[in-house]
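Trainee: Input: one structure, supplied below.
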Protein chains: 2
Amino acid sequence: MLVVDDEKEIRDAIEIYLKNEGVTVLKAKDGIEALELLNEHPVHLIILDIMMPRLDGISATYKIREKKNIPIIILSAKSEDTDKILGLQVGADDYVTKPFNPMELVARVKSQLRRYVTFGTFEGIKKVIDLNGLTIDQSAKEVTAHGEPVKLTPIEYKIVELLMTNAGRVFSIHEIYERVWKEPCYNAENTVAVHIRKIREKIEIDAKNPRYLKVVWGIGYKMEK
Amino acid sequence: MLVVDDEKEIRDAIEIYLKNEGVTVLKAKDGIEALELLNEHPVHLIILDIMMPRLDGISATYKIREKKNIPIIILSAKSEDTDKILGLQVGADDYVTKPFNPMELVARVKSQLRRYVTFGTFEGIKKVIDLNGLTIDQSAKEVTAHGEPVKLTPIEYKIVELLMTNAGRVFSIHEIYERVWKEPCYNAENTVAVHIRKIREKIEIDAKNPRYLKVVWGIGYKMEK
DNA sequence: AATAATCCTTAAGAATTTCTTAATATTTTT
DNA sequence: AAAAATATTAAGAAATTCTTAAGGATTATT
């Protein structure tokens, strides 16, 4: 994620809020610097101030759009003519006026990311995986075992989804925690174990002798292919 | 395909994106010009700005609907009152707020075309969905439950339409808000919850034990297939 | 233009479901 | 047999959803 603003305080403030959401943040102080960074790093979303030295936000938007089709959120001061922005910017995806509520900015960032992700995986298309009678439907968020629907809690579902979409691969407890909770695993190993137990109760015929969700001693867990 | 907007930049930008998808594009700069073009050429979908000189988008929609039943996608600036659009139920099939994501517009265009093209011929086709006794008629904007017509408010209708046309798929509260209100959901989660409750009161036999509109804990809501 | 009716949003607390923790038990490896 | 990793259980904490009601906004009616 790239934050472009000529004021350091704003860059830093936005960085703090975004990092808090678990995303990597790059910063640039004008359009030129932003374009350079874009060439060098993979970026999934840009927050772009309008008023900047060297290369302003509007021009930068055009240049970015020539190359990449990633979400662009424009920041503009209230005094500037928002209508003009509205009219001009077919290229930007959203805009926020300064002074802005950081939480709102975060909400808009999330919204943009969601939007692109949904269109990427294409709407309404069912992606169903079947592993020896254990199935997952990622659009309906539904899992069935031996033909019967299984009622999983959100965390349980995420763990199963992770393991099933990577069937056969072993995930350490720490990996599972980090990918599901989106934060480092610090003394939470047992939490994962408890969830594994619950999942087994729901998807396995005999939770003590799991056929689907297997442990790999000393390494982690995996879903049998 | 007809694009109607008083700003040349927007007309042209949309044209580029649509042509990229392989469709023929006609352009008009206000409602009157649009109606003229409609008489002269076969058009399968219209993208219509609201704020235009001479004949605005809302009035144009009425006039178009008198003659043709083709998909209409409305464009509106965020500053305008979206509730008004909802409340008016002018007969548009979808709408997008400026500034918009070109990819999203293209996706919505495709979605509309899919909907209408499914049954071969084009005009005046009723698409009725029936899910275990809950039906929706998208052209009449009518919903029935257990044979009885259900009177839904505009927002309620939009939510039901979203869920029914994607039956089985789970939508988070944020997704629902964004797709119905056309803006990011910031502290409006409960608003959705209240609407869900009202809808259940109207379509379910027992709102406490919903058979149609189900919650998926920690994830969202879905309409049972 | 005023009134009535309908609809939307907000807020606050209740009800429900889920998560984590901690203490203990079991299994596997060395 | 000891150490390490995983498994189990239950109870309190936390989070999510549900419900209700009131006030504001909008639309329809008189």
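Trainee: So, residue A:12, is that one without any contact (Cβ under 8 Å) to a residue 24 or more places away in the chain and in the same structural domain as residue A:110 (by TED's automatic domain parsing) or not?
Mentor: Working: without any contact (Cβ under 8 Å) to a residue 24 or more places away in the chain: yes; in the same structural domain as residue A:110 (by TED's automatic domain parsing): yes.
Spelling it out, residue A:12 is indeed without any contact (Cβ under 8 Å) to a residue 24 or more places away in the chain and in the same structural domain as residue A:110 (by TED's automatic domain parsing).
Trainee: Residue pairs, Cβ under 6 Å, 6 or more apart or interchain, first in the range A:164-186 and more than 14 Å from every other protein chain (Cβ to nearest Cβ), second aliphatic (A, V, I, L, M) and away from DNA strand C (no atom under 11 Å from the Cβ). List them.
Mentor: That search, which allows pairs on different chains as well, returns A:164/A:129; A:164/A:136; A:164/A:223; A:167/A:131; A:167/A:223; A:179/A:162.
Trainee: If you don't mind, there's one more thing I want to ask. Please state which one of B:192, B:150 is among the β-branched types (Val, Ile, Thr), modelled with pLDDT of 85 or more and either assigned by TED's automatic domain parsing to the domain that holds residue B:92 or more than 9 Å from DNA strand C (Cβ to nearest atom) (or both). Give the steps one after another, and end with the answer.
Mentor: On the way: B:192 fails: either assigned by TED's automatic domain parsing to the domain that holds residue B:92 or more than 9 Å from DNA strand C (Cβ to nearest atom) (or both).
On inspection, the qualifying residue turns out to be B:150.
Trainee: In the range B:195-215, what residues are assigned to a loop (DSSP other than H, G, I, E, B) and more than 7 Å from DNA strand D (Cβ to nearest atom)? Quick ask: steps written out before the conclusion?
Mentor: Pass one, the range B:195-215, residues assigned to a loop (DSSP other than H, G, I, E, B): B:204-212.
Within the range B:195-215, B:204, B:205, B:206, B:209, B:210, B:211, B:212 qualify.
Trainee: In this structure, is residue A:159 within 13 Å of DNA strand D (Cβ to nearest atom) and within 14 Å of chain B (Cβ to nearest Cβ)? Lay out the reasoning, then the answer.
Mentor: Values: within 13 Å of DNA strand D (Cβ to nearest atom): yes; within 14 Å of chain B (Cβ to nearest Cβ): yes.
So residue A:159 fits the description; yes.
Trainee: Residues to consider are A:14, A:10, A:73, A:32; find the one that is modelled with pLDDT of 85 or more and part of a strand (DSSP E or B).
Mentor: Working: A:14 fails: part of a strand (DSSP E or B); A:10 fails: part of a strand (DSSP E or B); A:32 fails: part of a strand (DSSP E or B).
Only one candidate qualifies: A:73.
Trainee: While we're on this one: For the range A:205-214, what are the residues that are more than 11 Å from residue A:224 (Cβ to Cβ) and open to solvent by less than 80 Å² (accessible area, probe 1.4 Å)? Step through it out loud before you land on a result.
Mentor: So the first thing to find is which residues in the range A:205-214 are more than 11 Å from residue A:224 (Cβ to Cβ), and the list is A:205-209.
Answer for the range A:205-214, where residues must be more than 11 Å from residue A:224 (Cβ to Cβ) and open to solvent by less than 80 Å² (accessible area, probe 1.4 Å): A:206, A:207.
Trainee: Pull up the range B:17-29, narrow it to residues that are part of a helix (DSSP H, G or I) and of a type outside the set (Ser, Thr, Tyr), then point me to the one that is least open to solvent (accessible area, probe 1.4 Å).
Mentor: The extreme case among them is B:18.
Trainee: Of all residues in the range A:34-57, which are more than 25 Å from the chain's Cα centre (by Cα) and open to solvent by 30 Å² or more (accessible area, probe 1.4 Å)?
Mentor: A:51, A:53, A:54, A:56
The values are calculated or read from the model by the stated rules, or taken from the named source; none is laboratory data. Please read all numbers here as calculations on a predicted model, not as lab measurements. Positions of Cβ are backbone-derived with ideal geometry, glycine not excepted, and every protein chain shown enters the neighbour counts. Quick note on the areas: whole protein, heavy atoms, side chains included, nothing else; ligands and nucleic acids left out. Shrake-Rupley method; radii C 1.70, N 1.55, O 1.52, S 1.80 Å.
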